[in-house]
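Beneath this line is the structure, given in structure tokens, with notes to follow.
The values are calculated or read from the model by the stated rules, or taken from the named source; none is laboratory data. All figures in this text were calculated on a predicted structure; none of them were measured in a lab. A quick note on method: Cβ atoms are made from the backbone with ideal geometry, for glycine too, and the neighbour counts reach across all protein chains shown. Protein only, heavy atoms only, side chains kept; ligands, DNA and RNA dropped before computing areas. Shrake-Rupley method; radii C 1.70, N 1.55, O 1.52, S 1.80 Å.
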Amino acid sequence: MTLTEKPQGPRTSTIPPEMRSGSLRPPLPWRRKVLLVIAAVYAVAVVWAIGRTGLSITALFEGYGDFRRLLDRMLPIEFRNLSQIIRLAFETFFMAFIGTAVAVVISVPLAFFAARNTTPSVFLSGPARGFIVAMRAIPDLIFALIFVRAIGIGVLAGILAIGLSAIGMVAKLYADAIEQIDEGPREAILATGASQVRAILTGVIPQVLPSFIGIALFRLDINFRTSTILGYVGAGGIGTLLQLYLSGLQYRKALGVVAVIVVLVLAVEFISAAIRKGILGADPHSHKRLSHRIAGLFPGGKGRGNVAAQAEAASRASFNRETLRPPWTRDRRRMAIFGWGSLAVLVYAFWSTRLSPVRLFTSFGEIFVVATRLVPRDLSWLSSVVVRGMVETFAIAIAATTIGLLISFPLAFLCARNVAPARWVYYFGRSLLVMNRALPDLIIAVLFVSAVGLGPFPGVMALSIGTVGFATKLLADSIEEVSQGPRDAVTAAGTTRLQEAFTGVSPQAMPAFVSTALYIVDINIRSSTILGIVGAGGIGFSLIQATRTLNWELVGGILILVFAMVYSIERLSGWVRKQLL
Amino acid sequence: MQLSGDVVRLRGVRKEFDQGRVVALDSVDLDIHAGELTVLIGLSGSGKSTLLRHLNKLHVPTTGTVEVLGQPVADLSGANLRALRRDVGFIFQQFNIVGRLSCLENVLSGALGRLRGPRYGVLSYPKSMRREALELLDRVGLGDRAFQRSDTLSGGQQQRVAIARTVMQKPKLVLADEPVASLDPEISGQVMDLLFRICTEENLSVICSLHQVDLALGWAKRLVGLRDGQVVLDKPAEGLSTEDVMAVYKRLDPTGTKQNEYEPAMAARGS
Amino acid sequence: MEAPATAAANNCGPATTAAGGSGAATTAAPNNDRADWPTKLVLAAVPAEQDAQLQESYSVTVQILSDELGIEFDFFQAADYAGVIEALIAGRVDLAQFGPFSYVIATANGAQAKPVGVMTSEKGAEPGYQSYLVARTDNSEINTLNDILGKRVCFVDPGSTSGYLLPLAGLLDQGIDPEKDTNSIFAGGHDASVLSVVNGDCDAGFAFDSMVTSLLIDRGEIEEGDVKIVWESPIIAGSPMSMRTTLPQSLQDAIEEIFLNKINVDWAAANGYCDSPDPIACSFSDEAIWGYTAKGDDFYDGIRLLCRELGAERAPSCEGI
Ligand SMILES: Nc1ncnc2c1ncn2[C@@H]1O[C@H](COP(=O)(O)OP(=O)(O)O)[C@@H](O)[C@H]1O
Ligand SMILES: [Mg+2]
């Protein structure tokens, strides 16, 4: 009644004069320009990398016959000594479990030193961060090779390799989680006159605990898959058997082993998902942001968990008013079961791998000795072979990441629960991803070597196919986290599925996509090492051979170069990510 | 285009969630006439959103039939469903614009139903459409924000972008689900004013759920009240008093004492 | 070292040498029947025993081959043989430097290949090597193979010929089952096996001969006289340069002629490819060798027999041979 009668003055246009005519192109602020330049440089790098690695579609088609013939020799898969395989698979799981525990134990203090808001001093946070990146730069296979040489063949070398290389990711994500806490509680506790350490224990740990557990479980899954390859260099577990079969070219039996690994990977994934849901609560914010963090990372949710629900449960549960013990709420019970359960598995793992915790502890002394030997005294190790190898590794990683992501992007939309056109597509896609992640890169590489010959070309193919599983999973997880509202709005305008995916989903998931892409480059640089085993190019051959011949300075030198490459990509990606948020 | 007759016809619509544990709508019969401006009122959780979401098949009724623009919605799928959705604009309480896109691109996305194939980036839309979208942004007073990222706008501005997006769609019927519930009263008035003015100018049928009774009475031709999924009020707005309307928000207490549950209900259920 | 051409082969990337403009190209093809020769050949190499000293690699070999044949060469190295074997089976590798065991695996899996020559450390010497069992010199308890009963014994790894298969055969010959009668440990490498003996982790250990007699001493890891040799295995056939037999016959002949007569330190030094006729100056491969000597496929029957005797149960990598 009143609103309509308001006098409407002549409306003045809000369109700025320069936009009243012309074709309405988006403006280009300098940040966008820099991003465009980076994108252009990247495009040039891809073209260069494709040339450098000799990629050719026709060669792929020509090689199809040989690919098929080798595949025929690989199938059907064969199960021999199933009981031995299963025993070794469990040994591998226990290696992964102890390795994860080692990584967590080292990562927690390291993360508190590294995190800006909890570090005692900037002189500690710098080195702590450097150490974390260094651990991430060293390929796990090289860790294993070094430890096998330093402390002998067997599970201990494998566990240490898993544990130390996991620090690079676990400690970084822990530090990120610490930096994202709500500072309020800690300040409140400090205000009562408590010490810094107490304030951290009471004000920080409860906030980050759900993230810490979620990250550890995620890493356990990765570690389990990694540990299956470590046997290749004698680091124990099911990989030993895998290597034995592969070295006899007995692919059918090797794939039998892989099938068992697939089942176990699925089981581990299922159990850790259940645990995450069970103890971290159904609240999406406590764990859903994990995939963002994994990919390097987004200011995530604050991991508050289902605080309200817990409070409600606690107030309802009866408790003994004499002793004032906290009541056994469902959450507390689950937490206790999880805690004691993990400890029990850990003890059993030590017992079943016949590993004494003391030996684990003393081995760090031996590692230290090797580490000092790795430091190059001069530049005599830096030969043209090394430089060429590094350049080739870079080219392989760039080309492989690009191809891998081109495959992963469309796949990710099919494997995201909220976007998949049908339930069966989602389940089918996700199980393919698990199989892909369990399939050793070596087998994929051998297939491509057979199809197109030795050199970086098969290396690129093997790496891009090999990372599809992991990349697609990360991408699909981030698609599952986009908010539904804008998607509904776009759908309500009468769009097709494809239009909706482009306009409703992609922009929301874009920062996570970019993070994932850069993270995959990082992974590919490291995993290209493995290609040296089958003659598929890169620095890997030199690195492996230098380790085998105990040429520690060369090993150290190459690792420094890998570190430099990974570190500069990480810095660049950090900046790009910030611009895209 | 002016349609004669009913744009929406609901018959015996019942909607259950969680295998029947929640009944969100219960035997709803409702006809909405073309060109009418209908306001839905009711407590939080009374089924307003659920009702609106049936009208473009974001929900499917458990039983009963829904006809929109003369078409039985349940039978529609694929291209036919998209064609219907294009004719039905939807404005959300949470604005639901794509935050990382510019305002212009958000408005442009309203035209997707008129286009073939996926689009990414302002430049992927035809030039004439870009112009059209900018004019619409100007009509909602945001012509100078075309290339600003939409998540940097205030809530009221975001909802204005969403209104522009809906008009971009060239709909015949506009559904608005508590479009101003997330905004403060001052801004709410402005946004409702804008929405209703544009819809009147474009001669669109509107169904809007609202909490602000004064706004509802000011603009609506017809008021429909929902309580626990049932229609409890359906009258022309003219001549209705504020008390008549507030009765919808009251609930019979088992003890017999009447109590205004509007505030506590909002707080406990959220939305 | 001074190779006549600078386009040296490298470890990883394809190293393409300039196709020869030299007149030597024609001399290498006696019947001038080059019409069916490919324009490019691929040479691949796998380190024979894992712990061989990594040397200047195959630059001289590749150079001589491409000069003599007038064909470009791509050269690749792999740390393990699976990839090279598959590439050979698919016809994407033409020449492959294998260890003896990997050659046997390749042929057992359908690679159409034969040895063109076998690496030999001295002119005229029988190409092959041995496995040794060593113990500390000051350990008076271990003097024969039988003395290792109940002791800690280091093997290399289950896939190693001289570090496991041959020792296993030797022990079984003596009626010793290492699984039951000894406390056996896999050390992970030939050097690790010897070093474990020296530092006392194992009472005795197996390793290939030159690891004991020269490599570790040259590297300064052990002193001469630290260990004694308790047992010597029969000779194992040496590492063959394998050639794809699906290449044109005239090309096969030409390649064979080059390996047997020209890829040796004497010829290379005389023709300006090396400074002096000695295995260190003339780098033909990742091992210090004199050159190649002629052997046929049957030279490797010994390993095949060994594998059949041991059986896939004891030696899983032997299956299918
Ligand atoms: N997707 C759903 N799943 C389960 N219950 C739902 C769902 N959507 C709505 N409901 C329930 O249906 C009832 C009506 O909800 P809604 O239509 O959102 O109410 P309003 O919009 O009037 O606040 C509520 O009890 C709500 O909890
Ligand atoms: Mg609602």
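Data for the structure
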quantity	calculated
P(r), alpha carbons of the protein assembly as shown - 10 Å bins starting at zero, rounded %	2, 9, 15, 18, 16, 13, 10, 7, 5, 3, 1, 0
At least 18 Å along the helix axis (C-alpha) and Kyte average at least 0.5, DSSP helices within chain A	A:30-52, A:82-114, A:122-137, A:155-179, A:205-230, A:251-280, A:357-374, A:384-414, A:456-480, A:506-527, A:552-580
Fraction of beta bridges assigned by DSSP in chain C that are antiparallel (%, nearest 5)	60
Residues along the stretch A:490-528 losing 50 Å² or more of accessible surface when the other protein chains are present rather than the chain by itself (probe 1.4 Å)	A:Ala492, A:Ala493, A:Gly494, A:Gln499, A:Phe502, A:Thr503, A:Pro507
Heavy atoms of A:Trp30: accessible area, 1.4 Å probe, square angstrom to 10	150
Accessible surface of the stretch C:129-236, 1.4 Å probe, proportion on carbon and sulfur as whole %	43
Between 0 and 90°, nearest 10: helix C:301-314 axis offset from chain C longest Cα axis	50
Net charge dipole size for the stretch B:6-268 [Lys, Arg +1 and Asp, Glu -1 on Cβ; Debye, nearest 20]	1200
Listed residues C:Tyr103, A:Phe143, A:Ala49: farthest to the positive end of the dipole of the protein assembly as shown (Cβ charges)	A:Ala49
Mean shadow area of chain C, taken as a quarter of the surface of its Cα convex hull (nm²)	16.1
DSSP loop GluC sites (Glu not before Pro) with at most 16 other Cβ within 10 Å: longest gap in chain B	B:1-201
Chain B - share of DSSP beta bridges that are antiparallel (%, nearest 5)	55
Axial C-alpha extent at least 15 Å, average Kyte-Doolittle at least -1.0 - helices from chain B (DSSP)	B:155-168, B:185-201
Solvent-accessible area buried by pairing C with A, both sides, nearest 100 square angstrom, 1.4 angstrom probe	3500
Rg/Rh (Cα only; Kirkwood hydrodynamic radius) as it applies to the stretch A:455-496	1.32
Top positive-direction residue, dipole computed over the stretch C:129-236 with Cβ charges, set C:Pro167, C:Ile142, C:Ala192	C:Pro167
Surface accessible to a 1.4 Å probe, per residue, for the residues of the protein assembly as shown, Å²	41
Largest-first principal axis extents of the Cα set of the stretch C:129-236 (Å)	36, 29, 21
Charge dipole of chain A about the Cα centre (unit charges at C-beta), most positive-ward option of A:Leu156, A:Pro376, A:Ala114	A:Ala114
Cβ neighbours within 10 Å from other chains - mean over A:541-551	6
Point-charge dipole on Cβ atoms (K/R +1, D/E -1) for chain A, about Cα centre, debye to 20	580
Normalised contact order of chain A, rounded percent, pairs of Cα under 8 Å and 6 or more residues apart	18
Surface/4 estimate of mean projected area, convex hull on alpha-carbon atoms of the stretch B:93-187, nm²	6.0
DSSP-loop trypsin sites (Lys or Arg not before Pro) across the stretch B:193-249, with at most 15 other Cβ within 10 angstrom	B:Lys221
Unsatisfied cross-links (Cα-Cα over 25 Å) in the set B:Lys57/B:Lys250; B:Lys15/B:Lys250; B:Lys57/B:Lys127	B:Lys57/B:Lys250; B:Lys57/B:Lys127
Interface residues, the stretch B:42-88 - accessible area loss of 30 Å² or more versus chain alone, probe 1.4 Å	B:Leu58, B:Arg82, B:Arg85
Amide hydrogen neighbours beyond the local backbone of C:Glu72, cut-off 5 Å, H modeled	C:Leu41
Considering only the protein assembly as shown, percent of DSSP beta bridges that pair antiparallel, nearest 5	60
Cross-link partners of C:Lys228 among lysines (Cα-Cα below 20 Å; sequence separation of 8 or more within a chain)	C:Lys151
For the stretch B:6-268: relative contact order, % (alpha-carbon pairs under 8 angstrom, 6 or more apart)	25
Magnitude of the charge dipole, the protein assembly as shown, Cβ model with Lys/Arg +1 and Asp/Glu -1, debye to 20	5640
Under 19 Å between alpha carbons - lysine pairs in chain A that sit 8 or more apart or on different chains	10
q = 0.06, 0.12 Å⁻¹, chain A: log10 I(q)/I(0) [Debye, one scatterer per Cα]	-0.34, -1.32
C:Leu133 accessible area, 1.4 Å probe, all protein chains in place, Å² to nearest 10	0
Heavy-atom accessible surface of the stretch B:6-268: percent carbon and sulfur, 1.4 Å	47
Coil-residue GluC sites (Glu not before Pro) of the stretch C:166-232, DSSP, other Cβ within 10 Å capped at 15	C:Glu221, C:Glu223, C:Glu224
Value of relative contact order over the stretch C:129-236, rounded to a whole percent, pairs C-alpha under 8 Å and six or more apart	46
Three-way shape label, the stretch B:6-268, alpha-carbon gyration tensor, a/c 1.5	prolate
